[in-house]
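Accompanying notes for the structure given below.
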Amino acid sequence: MSFDGLFTHAMVTELKTTLVSGRISKIHQPYQNELILTVRANGKNWPVLLSADPTYPRVQVTKIPYVNPAVPTNFAMMMRKYLQGAIITEIKQMANDRVVHFTITTRNELGDAETLTLIIEIMARHSNVILVDNQTGKILDVIKHVGADQNRYRLLLPGATYIEPPKQTKLDPFTTNNDYQALVKQFPNEDVLAKQLQQHYQGLGRDSAHQLAADLHQPGDLSSHYHAFLTQFDQPQPTLITLANHKTMFAAGPFTSFGEQRRQFESLSQLLDFYYEDAAQRERSQQQAGNLVRVVRNDLKKNRNKYKKLQQTLANTKQADELRLKGEILTTYLHEVKRGMTEITLPDYYHDNAPLKIQLSNQLSPSRNAQKYFSRYQKQKNAVIYVGEQLDLTQAEIDYLDNIQTQIELAAPADIAEIREELTQQGYLKQHKAKKKQRASRKLSQPQQFFASDGTEISVGKNNRQNDQLTLKTARKTDYWLHTQKIPGSHVIIHSSEPSEQTLSEAANLAAYFSKARDSATVPVDYVQVKRIRKPNGAKPGLVIYEGQKTLYVSPDASLVEQLTPKK
């Protein structure tokens, strides 16, 4: 389901139990639209994610590690000024809408108690995190500034009076009402009823409306079905559902109308961490990558166009033998060629004296016409060698950039810095003098570690620097190396000289999962001992060649990758 009003209701129920009376001990803004509050409550530290990301907005407790910037943002500094050491006294949802209010008590610079409200509006691209002074109603700061040129209804700027989002003329489903009974009688079709429920009640997403419509069509008392549906959001059962199309959805309850394949989680926050981890990480990585994506995409396009032109040039040079043949025939029958002729037909003694029409320049002598054909032949013959070399170089450039593009797509935000540095060293990005010292002192990040079912250690490089270090320096010669066949992806090392078939299969799954073929089926993965791998002189980072390999065919499995990941 989407993070609709009902799921927000369930999340607020969970957060109340965990966070109320807790003290805010740390505040970070790891990414542009996301704030992390570390709340000390019930003897534990709870990292609370407030996300105004336009694609994945939400509020939850999270266990996913974040990399904080070296210099805190202005918004983070303002939040620390007002919220550091403050107490969360209440968490509430506004009328089953996707708006959550954290009521916070703190003390100002004079030591006087004051009450603030931290507001999270979960509304797709209009999502926001806003801190408001309860006494004045003024906005102290907001994570995304919205001026009058963007929204005439309300300003979201420091110093402006906070105005609530426009209210919809819909009924809060948690208030006492019997409207659903009339809707069921009026709209007996389940799909039509779902749309009507969504239009009538506040906070019902499409999935929630369909589940409620399905429940109301079950035999029995309508009132019991309606209240049983709402009760599950007061006592959530965090559930991941696999749909018929193999996609997944999260829900606060079983939602039986969507399929039978389900996985239960201990909390809604744990469910969201599992559901969003890969997608949200990719989104953050794209934000961190900034101009890397554009540079790589533009260079890829340029090189692919260059390759097509070179292929066309190579196709044109195949006429070289025909030019030589015409030059030889002209030389043989030179006595028949007269100055001023524009063409002549002569017998082709290479092909049973078949008539061959030869174009001539009326400005040249017969011998010069023949020499011209020989000169063009020699030029095109030389071009074949040059174009062949350029095709190889351009293809290598395309392979490298394609590999970099895949690494950016699969990278965690922390990996982007190394990819950026590599592109700078390779000349794709300009070197900034101010960052030279910082880059020189940066330590090389380590490959990701996994463990096979039998306990064998498996390492996965996440960028070219890690790949080279892992394959050429860290791995023993007797270890096994794996890589997707002719598909950009990570280097994978099994730290064993005699891995079992199951370990090979699990490592191959990792190689396929951390590659461009992540969403494919039956992916070919080559494996060979490290001693059979070498790096050509002058080769780009991450490029190796090998021989004597064998091939496994696997289908990437995210659940298997999770099983092989060491527990923290």
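The values are calculated or read from the model by the stated rules, or taken from the named source; none is laboratory data. In this text the structure is predicted, and so the values were computed from the model without any measurement. Here the Cβ positions follow ideal geometry from the backbone for every residue, glycine too, while neighbour counts run over all protein chains shown.
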So, in region 502-532, how many residues would count as being within 20 Å of GLY548 (Cβ to Cβ) and either at pLDDT below 95 or within 26 Å of the chain's Cα centre (by Cα) (or both)? 7
May I ask you to list the residues in region 137-167 that are surrounded by fewer than 12 Cβ atoms within 10 Å (Cβ to Cβ) and in a loop (DSSP other than H, G, I, E, B)? GLY147, ALA148, ASP149, GLN150, ARG152, TYR153, GLY159, PRO166, LYS167
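Condition check ((1) modelled with pLDDT of 95 or more; (2) not basic (Lys, Arg); (3) not assigned by TED's automatic domain parsing to the domain that holds ALA95) across all residues:
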position	(1), (2), (3)
ALA148	no, yes, yes
ARG154	no, no, yes
GLN168	no, yes, yes
PRO173	yes, yes, yes
LYS185	no, no, yes
PRO188	no, yes, yes
Quick check, is ASP479 surrounded by 13 or more Cβ atoms within 10 Å (Cβ to Cβ), assigned by TED's automatic domain parsing to the domain that holds ARG518 and either at pLDDT 85 or above or among the small types (Gly, Ala, Ser) (or both)? yes
Of the criteria (1) modelled with pLDDT of 85 or more; (2) within 15 Å of the chain's Cα centre (by Cα), which one ALA414 fails: (1)
Considering only residues that are more than 24 Å from GLU422 (Cβ to Cβ), part of a strand (DSSP E or B) and of a type outside the set (Phe, Trp, Tyr), which ones fall in region 444-457? GLU457
First in region 63-75 and over 18 Å from VAL39 (Cβ atoms), second anywhere and aliphatic (A, V, I, L, M), Cβ under 6 Å, 6 or more apart: VAL67/ALA414; PHE75/ILE143
Considering each residue of region 316-357, count those that are surrounded by 13 or more Cβ atoms within 10 Å (Cβ to Cβ) and of a type in the set (Gly, Ala, Ser), and give that number. 2
Across region 365-382, which residue is nearest to ALA320 (Cα to Cα) among those that are buried (at least 16 other Cβ atoms within 10 Å of the Cβ) and not aromatic (Phe, Trp, Tyr)? GLN380
So, LYS92, is that one charged (D, E, K, R), surrounded by fewer than 20 Cβ atoms within 10 Å (Cβ to Cβ), in contact (Cβ under 8 Å) with a residue 60 or more places away in the chain and touching a Phe, Trp or Tyr at 6+ places or on another chain (Cβ under 9 Å) or not? yes
Among ARG98, ARG125, which is the only one that is among the basic types (Lys, Arg), out of contact with any strand residue (DSSP E or B) (no Cβ under 8 Å at 6 or more places or on another chain) and in contact (Cβ under 8 Å) with a residue 60 or more places away in the chain? ARG125
Do you know which residues across region 301-349 are of a type in the set (Phe, Trp, Tyr) and out of contact with any helix residue (DSSP H, G or I) (no Cβ under 6 Å at 6 or more places or on another chain)? TYR333, TYR349
Over region 115-133, the set of residues modelled with pLDDT under 95 and either crowded, with 17+ Cβ neighbours inside 10 Å or of a type outside the set (Gly, Ala, Ser) (or both) is MET123, ARG125, HIS126
Going through LYS535, LYS462, LYS550 one at a time, which residue ends up being of a type in the set (D, E, K, R) and modelled with pLDDT of 95 or more? LYS550
Taking only pairs six or more apart or across chains, which ones have beta-carbon atoms under 6 Å, a first residue in region 1-20 that is touching a residue at least 60 places away in the same chain (Cβ under 8 Å), and a second residue that is among the acidic types (Asp, Glu) and assigned to a helix (DSSP H, G or I)? MET1/ASP207
Picking from THR394, THR332, the residue that is under 30 Å from ILE487 (Cα atoms) and among the β-branched types (Val, Ile, Thr) would be THR394
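List the strands (runs of 3 or more DSSP E) that sit entirely inside region 1-116 and contain at least 2 residues that are within 30 Å of GLY253 (Cα to Cα).
34-41, 44-51, 58-61, 87-93, 99-107
So which strands (runs of 3 or more DSSP E) stay within region 458-568 end to end and still have 1 or more residues that are hydroxyl-bearing (Ser, Thr, Tyr) and in contact with a Ser or Thr (Cβ under 8 Å, 6 or more places away or on another chain)?
It comes to 480-484, 523-529, 550-554.
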Hey, any hits in region 446-459 for a residue that's surrounded by fewer than 18 Cβ atoms within 10 Å (Cβ to Cβ), among the polar types (S, T, N, Q) and closer than 26 Å to PRO413 by Cα? yes
Spot the failing condition for GLN196; the list is (1) buried (at least 16 other Cβ atoms within 10 Å of the Cβ); (2) under 28 Å from LEU15 (Cα atoms); (3) of a type outside the set (A, V, I, L, M, F, W, C), and only one is missed. (2)
